[in-house]
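Everything on this sheet refers to the single structure shown next.
The values are calculated or read from the model by the stated rules, or taken from the named source; none is laboratory data. Because the structure is predicted, anything quoted here is derived from the model rather than measured. Here the Cβ positions follow ideal geometry from the backbone for every residue, glycine too, while neighbour counts run over all protein chains shown. Quick note on the areas: whole protein, heavy atoms, side chains included, nothing else; ligands and nucleic acids left out. Shrake-Rupley method; radii C 1.70, N 1.55, O 1.52, S 1.80 Å.
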Amino acid sequence: DAGVTQSPTHLIKTRGQQVTLRCSPKSGHDTVSWYQQALGQGPQFIFQYYEEEERQRGNFPDRFSGHQFPNYSSELNVNALLLGDSALYLCASSLLGATQGNSPLHFGNGTRLTVT
Amino acid sequence: DQQVKQNSPSLSVQEGRISILNCDYTNSMFDYFLWYKKYPAEGPTFLISISSIKDKNEDGRFTVFLNKSAKHLSLHIVPSQPGDSAVYFCAPLRGYGQNFVFGPGTRLSVLP
C-alpha cells in the first residue's frame, strides 16, 4: 500500500524563480493538503484540495498556488521565490468523508526547498 | 496568533522513565486533538488522538490527557525508549474537514 509520495526530495532555486512541487496521495485518499515547515517550527497550513478545487487556504500570499488532478495527485506552485520561502514542504492526504479525529493526515517525507 | 503552544522546545529523559510533553491551546472550538511524531528526514506520523468529550485516551505506552477547562493537554510515554526520540507535535482540529493547526513541537531525547 503506497503511502504519500513527494517529488523532488530536495530543490535549490534562486530568488525570483518559480518552483513546482508534486504529491501523490495515499491510495484511497481524495484530499490533499500542503504544509510549510520552517526550521524549528511546526507545519503551517497552506491550502487543501478536494475534487480538484481549493477548499481552504491558510495565511499565505497568492504567490502560492496549487492544483489537484483527476487522479487526486497535486502540485504546489510558488512564484517569485523569496529567501523566506526556504522550508520543508509537506504534502498530506486524507479521506474527506471520514471522521477527522480518527482519520488523521498521512504525510509524505517532504520536499526541502532552499532559495538562494 | 499562536493558537497552539508547546512551551518546552526540548526534553531529555532516561530510558525507562516517564516522558511528559505538554500542549496549551487558546481556541475553545477545537474538538479533536492529535499528536504526531516526526523523525528527521521523514514526514510526521500520527501517534494518538483524543476527542474533546473525553479526558483520557490510552494506547499502549502512550496516554493523552485533556483538561478542557485549562485548555491543556499532555502526552505521557511510559516507559520511554530510545526509539521514541523524535519531535512531537500537538495538532488540534476544529470541525469536520477543517485543517489541522500544529504546535511548534517538542524535541524528545531518550537517553540509554
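Annotations for the structure displayed:
- Within region B:4-48, tally of residues that are open to solvent by less than 50 Å² (accessible area, probe 1.4 Å), within 14 Å of chain A (Cβ to nearest Cβ) and among the hydrophobic types (A, V, I, L, M, F, W, C): 9
- When region B:1-50 is filtered for residues that are among the charged types (D, E, K, R) and under 17 Å from residue B:111 (Cβ atoms), the ones remaining, listed by number, are B:15, B:17.
- Region B:49-71, residues that are open to solvent by less than 50 Å² (accessible area, probe 1.4 Å), touching a Lys or Arg at 6+ places or on another chain (Cβ under 9 Å) and modelled with pLDDT of 95 or more: B:63, B:64, B:66
- Selected residue (criterion: farthest from the other protein chains (Cβ to nearest Cβ)) from residues of region B:72-97 that are at pLDDT 95 or above and more than 13 Å from the chain's Cα centre (by Cα): B:79
- For region A:1-16, a tally of residues being assigned to a strand (DSSP E or B), under 15 Å from residue A:115 (Cα atoms) and open to solvent by 70 Å² or more (accessible area, probe 1.4 Å) returns 2.
- Screening region A:29-97 for strands (runs of 3 or more DSSP E) wholly inside it with 1 or more residues that are open to solvent by 20 Å² or more (accessible area, probe 1.4 Å) and out of contact with any Gly (no Cβ under 6 Å at 6 or more places or on another chain) returns the ranges A:31-37, A:44-50, A:53-57, A:64-68, A:74-78.
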